[in-house]
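Reading through the structure tokens given below for one structure.
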Ligand SMILES: [Zn+2]
């Protein structure tokens, strides 16, 4: 069985929830926050401790569109303390069937700033950084270093590869989510422990095209699962999709889990995997 249990995610969260300079954020939950999140604090295995872990966490969300922005919405209402939203370009009218943080009057303006304004209005306790850029070789390292968890919702493999390599470099967990028409996939990558994006797709799928068909309910479905993966990583709740690739054909409501190959010779994560295998006995093959 190569699926790490939740005890792994507990250790993942505890090892990633310090700030980049190593100092723990110890702002306690306020009475308002305790009331706002009361219904999730009630969840078995959650409690105030998990809520505090969410408050202390920073999540980088790339590609703030139908997928990334919807995932950001669910992280904001869950009480993740800081969100970094990264997306270049302006809102188009044909974004409006799925980009639920946007409003009609914002068409033609940079979408990431509207995303921040909407999230701040919904939950003023969450700190939101909005950056009107795409993932580039120049910005990726500092962005990844700033985060505890990264959501890869970018819409091409150039950005996805840059993000994957940076997450491996800095040892940051990355939730990898993508869709094409009515199909979607989702996995959670922990460098050295699980296959990385390059292990899973050594040859890139032809998903780089712009303008594929998409229903908002499809990107929203994937977005909710993506946000849930991040919440699981941060809090240790349940079992994240470590070394598992969830594929979804939403035309037929067909869901399947696969076990992608963890390539020991992967040019991106191979060295880190070998290094971790030398120090950990439970690293999956
Ligand atoms: Zn790899």
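The values are calculated or read from the model by the stated rules, or taken from the named source; none is laboratory data. Every value quoted in this text rests on a predicted model; they were computed, and no experiment measured them. Methodologically, a virtual Cβ is constructed for each residue, glycine included, from the backbone with ideal geometry; neighbour enumeration extends over all protein chains shown.
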Matching residues, segment 130-156, being within 13 Å of the chain's Cα centre (by Cα) and not in a loop (DSSP other than H, G, I, E, B): 144, 149, 150, 151, 152
Pair list, Cβ < 6 Å and 6+ apart or interchain, from segment 263-276 residues that are in contact (Cβ under 8 Å) with a residue 60 or more places away in the chain to residues that are near the ligand (Cβ under 6 Å from one of its atoms) and part of a loop (DSSP other than H, G, I, E, B): 268/196; 269/196
Single residue of 209, 280 found to be more than 27 Å from residue 72 (Cβ to Cβ), modelled with pLDDT under 95 and exposed (fewer than 13 other Cβ atoms within 10 Å of the Cβ): 280
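Residue by residue, here is whether (1) in contact with a strand residue (DSSP E or B) (Cβ under 9 Å, 6 or more places away or on another chain); (2) in a loop (DSSP other than H, G, I, E, B); (3) within 14 Å of the ligand (Cβ to nearest atom) holds:
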residue	(1), (2), (3)
158	no, no, no
163	yes, no, yes
167	yes, no, yes
176	yes, no, yes
187	yes, no, yes
194	yes, yes, yes
198	no, no, yes
203	no, yes, yes
Failed item, numbered, when residue 214 is tested on (1) in a loop (DSSP other than H, G, I, E, B); (2) touching a strand residue (DSSP E or B) at 6+ places or on another chain (Cβ under 6 Å); (3) under 27 Å from residue 97 (Cβ atoms): (2)
Residue within segment 104-111 that is buried (at least 21 other Cβ atoms within 10 Å of the Cβ), touching a residue at least 24 places away in the same chain (Cβ under 8 Å) and not in a helix (DSSP H, G or I) present: no
Odd one out for residue 257, checked against (1) surrounded by 15 or more Cβ atoms within 10 Å (Cβ to Cβ); (2) assigned to a strand (DSSP E or B): (1)
